[in-house]
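For reference, the structure is listed below as structure tokens.
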């Protein structure tokens, strides 16, 4: 009996030592069966440089006045075609900031004869340089944008006068990532260039100029 008890005691001691040692050599599993799975890698990567083109419609508003003409409006509109380039950076999983510049051909020209004076107002191009900030939902970006703008302004009638004017701009848009490198957008841009006086060979016109752009575009992201 004593021999049997001794044998059992010795076996128990060997097992107590051997089992932990064997367990240490086994691969460790997930100690928490309810632990969340790893977060998958970001599916759509917005950070990077891009360039592209836009197509839309631009319309300019001019509230003007002049000697012999009184106060009058001479608004214009036309097709807008342009190119753009910029850079996006993801600051957080859903927050993006970036910068963008664009140059657009805006075929706007309007004739009028306020007070019997034949006049023509023209603007052929606009360029904007803006910061962008937006909220990302997977492959969709909602953004606001703002900065400064340049545009040509020309008045003619008996003579002509033109300038490249500086203004400010604001806008908003939505952009969607079609593939890892191709995005599509729709946006609205407003630019205000303030008042300026134009001397037209004896006729003086003082006019402000606000431009509105509604456009869609495609971009290629590197």
Subset of the stretch 48-74, residues within 20 Å of residue 196 (Cα to Cα) and assigned to a strand (DSSP E or B), comes to 59, 60, 61, 63, 64, 65, 66, 70, 71, 72, 73
Notebook entry, point to check: Yes or no: residue 115 at pLDDT below 95, more than 15 Å from the chain's Cα centre (by Cα) and on the phi > 0 side of the Ramachandran plot?
Noted result: yes
All-but-one check, residue 71 against (1) modelled with pLDDT under 90; (2) more than 24 Å from the chain's Cα centre (by Cα); (3) surrounded by fewer than 16 Cβ atoms within 10 Å (Cβ to Cβ), failing number (1)
Reported set for the stretch 169-192 where residues are within 14 Å of residue 58 (Cβ to Cβ) and within 11 Å of the chain's Cα centre (by Cα) is 171, 187, 188, 189
Of the listed residues (163, 94), the one being over 30 Å from residue 181 (Cβ atoms) and out of contact with any helix residue (DSSP H, G or I) (no Cβ under 7 Å at 6 or more places or on another chain) is 163
A careful count of residues in the stretch 75-91 that are within 24 Å of residue 197 (Cβ to Cβ) and surrounded by 20 or more Cβ atoms within 10 Å (Cβ to Cβ) gives 1
* Check the stretch 154-172 and report whether any residue there is farther than 20 Å from residue 208 by Cβ and free of Cβ contacts under 8 Å to residues at least 40 places away in the same chain. => yes
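The values are calculated or read from the model by the stated rules, or taken from the named source; none is laboratory data. Worth saying up front: this structure is predicted, and the values here are computed from it rather than measured. Please note: Cβ atoms are built from the backbone with ideal geometry, for glycine as well, and neighbour counts cover all protein chains shown.
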